[in-house]
Amino acid sequence: MSADYEKEQTLLEVKTDEMKAELETYNADGNRADEFIKLVKKHTEFGELTTEMLNGFVHKIIVHKAVKTEWERTQKVDIIFNFIGEFKLLQEEISAPTPEEIEAEEKWREQIQKRRESCRRSKEKKRAEYEKSKTA
């Protein structure tokens, strides 16, 4: 019976230590949240975004390598805030594009394609002129 009691006592001590660590983490998170709320309240109304304000909110910004597709170049940027860490939007919060946005995207892609064609023709023309001047 004594062995069972000692085993249970050890188990309870371990569990108590785990719960204390969890409570400390919870309290630390609460303190960081309180600090962030104070910072937000300090800057609720402003006319322009200043360097001081950005430094107060942002801990660091991580810019990832760009990814290029046929039509566009995208680049992931992570913003790590002071007191709360990285803030990520949930997929549900990101709304689907409206018909107007889709139309604007298509127009943009057409403009990009036209610019590329124009640049290609211009380069070909310059190359032809260069070749012509070389032979003359």
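What is the helix-to-structure angle for 2-42, meaning the angle in degrees between its Cα long axis and the longest Cα principal axis of the chain, kept from 0 to 90 and rounded to the nearest 10?
Between the helix axis and the principal axis of the chain, the angle is about 50 degrees.
Would you mind checking the tilt of helix 99-135 against the longest principal axis of the Cα atoms of the chain, expressed as 0 to 90 degrees and rounded to 10?
The angle comes out near 50 degrees.
Using just the Cα positions, wrap the range 95-136 in a convex hull and report its mean projected area in square nanometres, one decimal place.
It is 3.0 nm².
What is the sum of charges, Lys and Arg at +1 and Asp and Glu at -1, for the other residues whose Cβ falls under 14 Å from the Cβ of GLU24? Walk me through the numbers before you get to the answer.
On the way: positive: LYS20, ARG32; negative: ASP17, GLU18, GLU22, ASP29.
With Lys, Arg at +1 and Asp, Glu at -1, the net is -2.
How far apart, in nm, are two points set 7 Å out from the Cα along the Cα-to-Cβ line at ARG109 and at LYS60?
For ARG109 paired with LYS60, the spin-label model returns 3.7 nm.
Can you put PHE83, PHE46 in order, fewest other beta carbons within 10 Å first?
PHE46, PHE83
Below 19 Å, Cα to Cα, which lysines can LYS60 reach? Residues fewer than 8 away in the same chain don't count.
Qualifying lysines at Cα under 19 Å: LYS76, LYS88.
Where Rh denotes the Kirkwood radius from the mean inverse Cα pair distance, what is Rg over Rh for the range 29-83? Intermediate values should be presented prior to the final figure.
Working: Rg = 15.6 Å, Rh = 13.5 Å.
Rg/Rh for the range 29-83 comes to 1.15.
Taking Rg/Rh (Cα atoms, Kirkwood Rh) as the quantity of interest, determine which of [x] 1.32; [y] 0.97; [z] 0.95 was computed from the displayed structure.
Of the listed options [x] 1.32; [y] 0.97; [z] 0.95, [x] comes from this structure.
Which residues in the range 58-79 place their backbone N less than 12 Å from a point set 7 Å from the Cα of PHE46 along the Cα-to-Cβ direction?
Of the residues in the range 58-79, 58 have backbone N under 12 Å from the label point off PHE46.
Tell me what the chain gives for mean residue ellipticity at 222 nm when only DSSP H runs of n ≥ 4 count, each as -39,500 (n - 2.57), the sum divided by the residue total, rounded to 500 deg cm²/dmol.
Taken over the chain, the calculation gives -22500 deg cm²/dmol.
Bear in mind that the values in this text are calculations on the coordinates, not laboratory data. All values derive from a computational prediction rather than experimental measurement. Don't worry about glycine lacking a Cβ; one is built from the backbone with ideal geometry, like all the others, and counts go over all protein chains shown.
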